[in-house]
Amino acid sequence: MSAATRPSALAPFRIRNYRFQWPSDLLTSWAFEVETLVLGWYIMVETGSVLLLTVMASLQYVGTLIAPVLGMVGDRMGHRDLLVVMRLAYTVLSSTIMVLALTHHLAPLNVMIIVAIMGLIRPSDLGVRGALLADIMPAGQLVGAISLARTTQDSARIAGALTGAGLFALLGIGLVYAAITGFYLVAAILMFCLTRPEKSVTTTDLPANSHAVSRLLGDLKEGIVYAWNGPGMRAALCVAFLANLTAFPITNGLLPFVARDIFHTDQTGLGYLSASFAVGSLTGSITLSLISGVRIARLLIGATLAWYAMLLVFVEIRTMPVAMACLVLAGIAQSMSMIAAAVILMRTASAHLRGRVMGVRMMVIYGLPLGLLAAGSLIDLIGYSAMGSVYAVSGIIAMLAIAVRWRDDLWPAHAPANAG
C-alpha cells in the first residue's frame with residue numbers, strides 16, 4: 001500500500017468503544033501480571049518448592065475447561081456485560097488477599113485457594129475481550145486492533161516485571177494488593193462505560209423447563225464443533241494448545257525457579273528476565289500493528305518455529321545478558337504467533353459464535369497447567385536444561401507436523417486464513 005492509503009496504527013482508537021476497552025484491558029492485564037509475579041515469588045520464598053510453584057501457576061488455569069461455557073454466556077448476555085461481572089469478581093478476590101495480608105493471616109494455603117477460585121474465570125478474560133473486540137471493530141481494522149490490544153498484555157508484563165517483585169520486597173504484599181484491587185475496580189468501571197454492541201443474532205430467552213438444559217448443551221456443542229471444523233481454525237487451535245503445553249511453561253510459570261536456581265539472582269533479576277520477554281512481545285505487537293498485507297497463516301508457522309528455536313537456545317544459557325537478549329527474540333516470535341492465531345479465529349468465526357469460538361481457544365490453554373506440572377516433575381528427574389530441550393524439540397516437530405497436515409489451509413496465498 002502507498003503511504004497515502006496505509007491506515008494509521010492508531011486508527012482503532014477512532015472507535016469510541018475501543019477507547020474504553022483498551023484502557024480497561026490494560027489495567028486488567030497489569031493487575032494479572034503483577035499478581036502472577038508477586039504470588040509466584042511469595043510461594044517460592046515461603047515454601048522453597050518448585051513443585052508447589054508449578055501447582056500454584058497451574059491453578060490459575062483451572063477454568064480453561066469451562067471457557068466455552070463462559071463464551072456461550074457471553075454470546076447470550078453480551079460480551080461487555082460478562083467482562084464487567086468478571087472484573088468485579090477479580091476485585092473481590094484480590095481485596096480478600098489484601099485484607100489477609102494486611103492482617104497477617106496470609107498463608108500459602110490461603111493463596112492456593114483464592115488463586116484456584118480466580119482460576120475458574122480468569123482464563124476466559126482474553127477470549128471474551130477478543131470476542132468483544134471483533135464485535136466493535138470493522139473487519140478491515142481487525143489485525144491492527146488485535147495487535148494494539150496485545151500491547152496491553154505486553155506493556156503490563158514489562159511494568160509488572162520491573163515493579164511487581166520489587167514493590168513486594170519494598171512495600172509488602174498487602175500494599176501491593178491494594179493497588180491491584182484498585183486496578184481491577186477501575187477496569188470494571190471503564191468496561192461498564194462501553195456502549196453495548198448490537199447483537200448480530202437475536203436469541204430468545206430459554207424456557208424454564210427441562211428443554212433449557214438441552215438447549216444450552218446444544219449451543220455449547222455447536223460452538224465447539226464449529227470452531228474445530230472451520231477452515232484454518234483447527235490448525236490455529238492446535239498451535240495454541242501446543243504453545244501452551246511446551247513453550248509458555250518455560251517463560252511463564254518457571255521463571256521464578258530459573259531466576260533463583262539457574263541464574264542465582266533475586267526478585268530484581270526475575271523482573272529483568274520477565275521484562276525481556278515482554279519487551280520482545282511488545283515489539284512484535286507494535287510491528288504487526290504498523291504493517292499490512294501480511295499472510296497471517298504463513299506468519300503463524302514461521303513465528304512459532306522461531307519461538308521454539310529461541311527457547312532451545314535459552315535453556316542452555318547461563319549468562320543473564322545473553323539470556324535476556326534471547327528472551328527478547330523469543331517474545332517477538334511469540335507475539336506474532338499468538339496474534340496470527342487470534343486473527344485466524346476472529347476472521348473466520350461467525351459473529352453470533354465468536355464467544356464460543358474464543359472460549360474453545362481459551363480451553364486449549366489447559367495445555368499450560370499440564371505442561372507446568374510435567375515440567376516440575378521432569379526438572380527433578382532429568383534437570384532443567386534437559387526438560388527445556390525436550391519441550392523445545394517436541395514443539396518444533398509438532399509444529400512441522402501441523403504445517404504439513406493443514407498445508408492447504410495455511411500456506412497458499414489465496415487460502416482464507418491468509419486473506420488480507
*Would a scan of region 391-411 turn up a residue that is under 18 Å from residue 340 (Cα atoms) and aromatic (Phe, Trp, Tyr)?*
yes
*Given the residues 292, 276, 281, 285, which is the only one that is surrounded by fewer than 17 Cβ atoms within 10 Å (Cβ to Cβ) and either modelled with pLDDT under 90 or assigned to a helix (DSSP H, G or I) (or both)?*
292
*asked:* Condition (residue is closer than 23 Å to residue 360 by Cα, open to solvent by 40 Å² or more (accessible area, probe 1.4 Å) and either modelled with pLDDT under 85 or in a helix (DSSP H, G or I) (or both)) applied to region 109-124: is it met by at least one residue?
replied: yes
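Name the residue, out of 347, 354, that is open to solvent by 20 Å² or more (accessible area, probe 1.4 Å), part of a helix (DSSP H, G or I), more than 26 Å from residue 62 (Cα to Cα) and touching a Gly at 6+ places or on another chain (Cβ under 9 Å). If you could, list the steps in order and put the result at the bottom.
On the way: 354 fails: more than 26 Å from residue 62 (Cα to Cα).
Among 347, 354, only 347 is open to solvent by 20 Å² or more (accessible area, probe 1.4 Å), part of a helix (DSSP H, G or I), more than 26 Å from residue 62 (Cα to Cα) and touching a Gly at 6+ places or on another chain (Cβ under 9 Å).
Checking the conditions here, which among 298, 260 is of a type in the set (Lys, Arg), over 22 Å from residue 371 (Cβ atoms) and either open to solvent by 40 Å² or more (accessible area, probe 1.4 Å) or under 21 Å from the mean Cα position of the chain (by Cα) (or both)?
298
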*Among the residues listed as 395, 302, the single one being touching a Ser or Thr at 6+ places or on another chain (Cβ under 7 Å), of a type outside the set (Ser, Thr, Tyr) and over 19 Å from residue 142 (Cα atoms)*: 395
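The values are calculated or read from the model by the stated rules, or taken from the named source; none is laboratory data. All values reported here derive from a predicted model rather than from experimental measurement. So basically every Cβ, Gly included, is an ideal-geometry build from the backbone, and we count neighbours across all protein chains shown. For the accessible areas, the whole protein counts, side chains as well, though only heavy atoms, and no ligand, DNA or RNA atoms are used. Shrake-Rupley method; radii C 1.70, N 1.55, O 1.52, S 1.80 Å.
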